[in-house]
Every structure is written in structure tokens, then in C-alpha cells.
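Here is the structure we will look at, set down as C-alpha cells.
The values are calculated or read from the model by the stated rules, or taken from the named source; none is laboratory data. Not measured: the values here are computed from a predicted model. Cβ: placed from backbone, ideal geometry, glycine included. Neighbour counts: every protein chain shown.
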Amino acid sequence: MAEIQIKNVAKTFGSYQALHSIDMTISDREFMVLLGASGCGKTTLLRIIAGLETPSVGEVWIGDKRVDHLPPRQRGIAMVFQNYAVFPHLTVFENIAFGLRMNKLDDATIKERVNRTANLMHIEQLLQRYSGQLSGGQRQRVAVARALAMEPDVILMDEPLSNLDALLRLEMRAELKGVLADSNTTTIYVTHDQVEAMSLADRIAVMHEGRIVQANNPVEIYRNPAAHFVGSFIGNPPMNFLNATKGGKGKWNVAGKSFSGPQSGQENLEFAIRPEDVTLNGGGLDAKVRIVEPLGAHNLVTCDVDGSLFRAVIDSDSKVKAGEHISLAPMQDRIRWFDPQTTLAVA
């Protein structure tokens with residue numbers, strides 16, 4: 001069993017606090033993605049789990065063993081890095097076998113594990129090549145195979161696909177998801193790419209300024225962001241936000257229109273809606289079209305609504321032009337509300 005418990009972990013570098021009291025449990029065999037912008041603390045947290053950094057306070061447990069005082073090699077983990085870390089002077093076979101030889105396994109076991117993981121990653125035909133003869137995608141497959149061959153309790157991945165081009169990333173995402181599901185390992189994956197996070201994760205932990213803002217499955221993160229930051233970070237384009245003032249009972253005024261909303265004692269809230277959750281309809285928000293971007297199956301329309309930037313995804317057959325006024329009707333069940341003071345969601 002490789003359940004991971006992170007208990008009240010914080011990390012400071014001098015006067016800078018990189019992590020603030022992180023508490024999280026990652027289930028056995030779960031694929032957890034740590035998602036956030038550069039500097040949010042996700043790699044620092046991964047390095048603490050790996051044993052490459054020491055927490056200032058807090059504990060890390062893998063299974064029933066506390067590991068934050070143990071060196072990396074005693075934690076039952078394997079890592080895959082952004083820069084592949086494939087040894088140029090070794091063949092693919094010897095690269096995959098490297099950790100196994102360090103652990104002094106016998107030749108028969110090494111051969112069996114190397115062949116099995118090479119087959120899993122579809123690189124069995126490359127075993128006698130050197131890294132200079134491989135593409136970037138092939139080198140990344142070698143790095144993953146080397147980690148899997150160790151049969152670790154936990155695999156840690158630090159932005160492993162960021163050096164690949166768009167088509168290779170798409171291919172490797174699908175490959176990784178299937179392979180790691182079959183490997184029965186617990187995976188923690190760090191990325192700033194929300195598409196990677198949404199497509200790979202069982203759960204996503206969205207991080208901001210050293211804190212976990214929300215941890216949930218990808219659909220819940222997307223549909224029900226727990227804070228303004230999550231709604232603004234997840235989604236391409238992100239959520240639209242408008243000021244809302246209290247109207248009648250359970251009603252809120254947004255850009256001159258009235259919407260049903262939470263029964264809040266506050267006078268002001270933040271109204272939020274995703275660009276694909278509005279329709280081109282009469283009676284909606286008055287919008288002046290600034291830019292129309294044809295994107296194949298749909299158009300991305302950037303508008304001005306009550307002095308704020310507002311984006312809408314509409315059908316590509318819609319004859320909308322820059323400069324004209326349109327009406328955009330938000331779907332009532334997709335509207336989200338946030339407290340402007342705390343930035344947290346209001347039910």
C-alpha cells in the first residue's frame with residue numbers, strides 16, 4: 001500500500017515562505033496532479049516528498065512509515081524529471097537497468113523487468129540504441145521505463161512532458177495514463193499545464209502562493225471552482241467575472257440585468273460564468289463585440305460588458321462582427337458566485 005500523507009508541511013527559505021501548512025492525503029494507486037503557475041510551491045512540495053528538500057515543519061508518510069527523515073533511496077520512490085536524465089554513454093537497455101543494477105538484482109530479474117517495461121512503453125525495438133539516436137519522445141519513454149522498472153511504491157514526475165512538442169505531448173499523455181493505471185503505483189505529477197492536469201489526473205490539487213486552494217476531481221474543479229483564483233486559472237479562456245450588487249430577495253444585479261443568486265447578507269458579490277456557458281440570445285447581457293476569432297468548430301468572441309472584458313464561445317455559423325452589439329445569456333445553473341473579500345465561492 002502506498003497511500004501518502006502530508007501532514008502540516010511548511011517550508012521556508014530564509015524569510016521567504018514557499019509552503020504554508022500543507023495537509024493532504026493521496027490514496028493508494030491514485031494519480032494526483034499538483035497544478036499551478038511558476039513559483040506556487042508545487043515543485044518544492046514534490047521535492048519534499050522525494051527527500052530532496054527537508055520540510056521546515058510537518059511530516060510525510062508513505063504507507064505506514066514516516067519518511068521525512070529518510071534519504072530518497074529508502075523511500076520506495078522513483079522520479080521522472082523534465083530534462084529526461086538519460087545517460088548518453090549507456091544503451092536504452094542499460095539506462096532502464098541502471099537502478100536495478102544499483103540495487104544489485106540478478107541478471108535474469110533485470111532482463112525480465114527491462115523487457116517488460118520497454119514493452120509497456122513501446123520502446124522494445126530501441127533497447128540497443130544510445131540516447132543520441134533517440135527523439136525527445138523516445139528519451140522520455142526511456143526515463144519513464146527506468147522509473148517503472150524499479151517497481152516503486154510511488155512515482156514522482158516533475159513536468160516530464162514540457163520539453164516535447166504539442167503532438168508528442170498529446171501522444172505521451174495518453175501513453176502515460178494507460179501505463180501508470182496498469183502499473184498499480186501511486187503517482188504525483190507536477191505541471192503548470194492545465195490540459196495535462198485535466199486529462200491525466202484522478203484528482204488535481206490547485207496550488208497558489210504556497211497553498212492548496214482546491215483539491216478535487218477534474219470535472220468538479222472545472223465546474224465548481226472553490227475560489228476566484230481557480231476559476232481564473234483553469235479554463236482556456238478562463239471564467240468571466242463581473243461585479244454584482246444585491247437586488248430583491250435572492251436576486252443580484254449584474255450589468256443592468258437581474259439574476260437569481262445566493263441568499264447572502266453581503267451587498268456585493270462577484271458573478272462568474274465560463275465562456276462556453278453563454279448563449280447568443282435576446283434578454284441577456286448587453287455586449288459590444290471587440291474581436292471575433294474563428295477557431296474551427298466555434299468562434300471566440302471578446303466583448304465589452306459594462307466596461308469589463310467578457311469572452312464567449314459561440315457557434316462558428318453565427319454571423320457576429322466586430323463593433324456590433326449582441327446579447328449574451330448566461331445559463332443560470334452554470335453561474336458561480338464569489339465573495340470579493342475572501343475570493344472564496346459562495347453557495
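Of everything in the range 278-324, what is over 22 Å from N243 (Cβ atoms), part of a strand (DSSP E or B) and of a type in the set (D, E)? Give them in sequence order.
Residues satisfying the conditions are E293, D315.
Among L70, L148, which is touching a Ser or Thr at 6+ places or on another chain (Cβ under 6 Å) and at pLDDT 85 or above?
Exactly one residue qualifies, and that residue is L148.
Report whether or not L120 is modelled with pLDDT under 90 and either buried (at least 20 other Cβ atoms within 10 Å of the Cβ) or of a type in the set (S, T, N, Q) (or both).
Yes, satisfied.
Let's see how each residue does on (1) β-branched (V, I, T); (2) over 13 Å from G210 (Cβ atoms); (3) within 16 Å of the chain's Cα centre (by Cα); (4) assigned by TED's automatic domain parsing to the domain that holds I188:
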{"site": "V9", "(1), (2), (3), (4)": "yes, no, no, yes"}
{"site": "S21", "(1), (2), (3), (4)": "no, no, no, yes"}
{"site": "T25", "(1), (2), (3), (4)": "yes, yes, no, yes"}
{"site": "L35", "(1), (2), (3), (4)": "no, yes, yes, yes"}
{"site": "G41", "(1), (2), (3), (4)": "no, no, yes, yes"}
{"site": "T44", "(1), (2), (3), (4)": "yes, no, yes, yes"}
{"site": "W61", "(1), (2), (3), (4)": "no, yes, no, yes"}
{"site": "K65", "(1), (2), (3), (4)": "no, yes, no, yes"}
{"site": "L70", "(1), (2), (3), (4)": "no, yes, no, yes"}
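Looking only at the range 330-347, which residues are not acidic (D, E) and not in a loop (DSSP other than H, G, I, E, B)?
Matches in the range 330-347: P330, Q332, R334, R336, W337, F338, L344, A345.
Restricting the range 191-217 to residues that are of a type in the set (G, A, S) and not in a strand (DSSP E or B), which is nearest to G76 (Cα to Cα)?
So the residue we want is A201.
Among the residues that make up the range 103-112, is at least one of them under 22 Å from N83 (Cα atoms), assigned by TED's automatic domain parsing to the domain that holds R169 and either of a type in the set (D, E, K, R) or out of contact with any Cys (no Cβ under 8 Å at 6 or more places or on another chain) (or both)? Before the answer, list the steps.
Start the filter on the range 103-112 by keeping residues that are under 22 Å from N83 (Cα atoms), which leaves none.
Checked the range 103-112: no residue is under 22 Å from N83 (Cα atoms), assigned by TED's automatic domain parsing to the domain that holds R169 and either of a type in the set (D, E, K, R) or out of contact with any Cys (no Cβ under 8 Å at 6 or more places or on another chain) (or both).
Sort out which residues of the range 181-190 are assigned to a helix (DSSP H, G or I), touching a helix residue (DSSP H, G or I) at 6+ places or on another chain (Cβ under 8 Å) and among the aliphatic types (A, V, I, L, M), and write them in order of number.
Answer for the range 181-190, where residues must be assigned to a helix (DSSP H, G or I), touching a helix residue (DSSP H, G or I) at 6+ places or on another chain (Cβ under 8 Å) and among the aliphatic types (A, V, I, L, M): there is none.
Just one of (1) in a strand (DSSP E or B); (2) free of Cβ contacts under 8 Å to residues at least 12 places away in the same chain trips up S327, so point out which.
Here S327 clears every test but (2).
Looking at (1) out of contact with any Leu (no Cβ under 8 Å at 6 or more places or on another chain); (2) at pLDDT below 95, which is the only condition P237 fails?
(1)
State whether the residues of the range 198-217 include one that is without any contact (Cβ under 8 Å) to a residue 60 or more places away in the chain, under 22 Å from L34 (Cα atoms) and surrounded by 19 or more Cβ atoms within 10 Å (Cβ to Cβ). Spell out the reasoning first.
First, the residues of the range 198-217 that are without any contact (Cβ under 8 Å) to a residue 60 or more places away in the chain: 198-199, 213-214, 216-217.
From the residues that got through so far, the ones that are under 22 Å from L34 (Cα atoms) too are 198-199, 213-214, 216-217.
From what is left, the residues that are surrounded by 19 or more Cβ atoms within 10 Å (Cβ to Cβ) are 213-214.
Within the range 198-217, one or more residues are without any contact (Cβ under 8 Å) to a residue 60 or more places away in the chain, under 22 Å from L34 (Cα atoms) and surrounded by 19 or more Cβ atoms within 10 Å (Cβ to Cβ).
What are the residues in the range 285-312 that are within 21 Å of E270 (Cα to Cα), surrounded by 17 or more Cβ atoms within 10 Å (Cβ to Cβ) and either under 29 Å from the mean Cα position of the chain (by Cα) or not assigned by TED's automatic domain parsing to the domain that holds Q332 (or both), if any?
Result: T302, C303, F310, R311, A312.
Here are some conditions: (1) among the aliphatic types (A, V, I, L, M); (2) closer than 20 Å to N236 by Cβ; (3) under 28 Å from the mean Cα position of the chain (by Cα). A345 meets all but one. Which one does it not meet?
The failed condition is (2).
Can you tell me which residues in the range 123-165 are touching a residue at least 60 places away in the same chain (Cβ under 8 Å), at negative phi and in a loop (DSSP other than H, G, I, E, B)?
M150, P152, D153, P160, S162, N163
Of the residues that make up the range 274-284, is at least one within 21 Å of G36 (Cβ to Cβ), surrounded by 15 or more Cβ atoms within 10 Å (Cβ to Cβ) and at pLDDT 95 or above? Let's see the steps before the verdict.
So in the range 274-284, the residues within 21 Å of G36 (Cβ to Cβ) come out as 274.
Subsequent filtering for residues that are surrounded by 15 or more Cβ atoms within 10 Å (Cβ to Cβ) retains 274.
So of that shortlist, the ones also at pLDDT 95 or above come out as 274.
Among the residues of the range 274-284, at least one is within 21 Å of G36 (Cβ to Cβ), surrounded by 15 or more Cβ atoms within 10 Å (Cβ to Cβ) and at pLDDT 95 or above, which makes the answer yes.
Looking at the range 314-324, which of its residues are in contact (Cβ under 8 Å) with a residue 24 or more places away in the chain and not basic (K, R)?
Correct list: I314, D315, S318, V320, A322, G323, E324.
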